[in-house]
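The values are calculated or read from the model by the stated rules, or taken from the named source; none is laboratory data. As the structure is a prediction and not an experimental result, all values here were calculated from the model. A quick note on method: Cβ atoms are made from the backbone with ideal geometry, for glycine too, and the neighbour counts reach across all protein chains shown. With ligands, DNA and RNA removed, areas are computed over all heavy atoms of the protein, side chains included. Shrake-Rupley method; radii C 1.70, N 1.55, O 1.52, S 1.80 Å.
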Amino acid sequence: MSNRVTNIVVAGLGGQGVLTCSDIVADVAYAAGLDVKKSELHGMSQRGGSVSSDVRYGEQVFSPMVPRGEADFLVVIASDQIPVNAAMLKPGGQLIEPAQVDEKKLRNQRSLNVALLGRLSRHLTFGEDEWLAAIKRHLPEALHEANVQAFQLGRGA
């Protein structure tokens, strides 16, 4: 197995679930037996300011920070954060953004972050069951149904 490291940046505004989103990605990769590193940049997160979190995984990962221009995936929960974070994507990297999900079909608008994880999951090798198990580990039981629906909407199930 090569030591290819997958680099994911999750970005949005405080209160949108950026950190929950990156925790779920890290959990799925860790549960698959991969080395995972994660870092967070909060900014003015308590006031709705920019928040981003880097997740890196592979056979062996040395640094938690995704170098500028090396993100394989940029998951943006707030569209206005695309220009702020676009330089993180490598050439040919994949932007995952709210426009790719029909938000009107979400049972709970606060589940947009999980719907975008569903969209991201289409590009990664982890199975749907692994994703759903991680979502349930990170969210209260009362939110499971709405978030499973959001994930499946994003995944296109």
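Once both labels are positioned 7 Å from their Cα atoms along Cα-to-Cβ, the gap between Ala31 and Phe62 label points is 3.1 nm.
What a 1.4 Å probe finds exposed on the stretch 37-137 is 50% carbon and sulfur by accessible area, rounded to a whole percent.
In this calculation the C-beta distance from Leu95 to Glu141 is compared with R0 = 25 Å, giving a FRET efficiency of 0.20. For the stretch 28-127, the solvent-accessible area works out to 52 Å² per residue, with a probe of 1.4 Å and every protein chain left in place. Based on Cα contacts under 8 Å between residues 6+ apart, the chain shows a relative contact order of 24 percent.
Summarising the amide proton neighbourhood of Leu89: residues at separation of 5 or more, or on other chains, whose placed amide H is nearer than 5 Å comprise Gly69, Ala71.
Summing Cβ point charges (Lys, Arg +1; Asp, Glu -1) relative to the Cα centre of the stretch 1-121 gives a dipole of roughly 200 debye. For the stretch 71-141, the equivalent ellipsoid built from the Cα gyration tensor has semi-axes of 22, 16, 10 Å, listed from largest to smallest. From Cα pairs below 8 angstrom and at least 6 apart in sequence, can you work out the relative contact order of the stretch 66-128, rounded to a whole percent? So the answer I get is 32 percent. For the residues Lys38, Lys105, Lys90, a GNM of the chain with alpha-carbon springs under 10 Å puts the largest fluctuation on Lys105. Radius of gyration (Cα atoms) of the chain, expressed as a multiple of 2.2 N^0.38 Å: 0.96. Sorting 132-141, 7-16, 146-155 by their mean Cβ neighbour count within 10 Å, with the most densely packed peptide first, gives 7-16, 146-155, 132-141.
Determine the dipole magnitude for the stretch 93-137: charges of +1 sit on the beta-carbon of Lys and Arg, -1 on that of Asp and Glu, nothing else is charged, the reference point is the Cα centre, and the result goes in debye to the nearest 20.
Values: 8 positive and 6 negative charges, 43 e Å.
It works out to roughly 200 debye.
The sum of -39500 (n - 2.57) across all DSSP H runs of n ≥ 4, divided by the residue count of the chain, sets its helix-only mean residue ellipticity at 222 nm to -9500 deg cm²/dmol.
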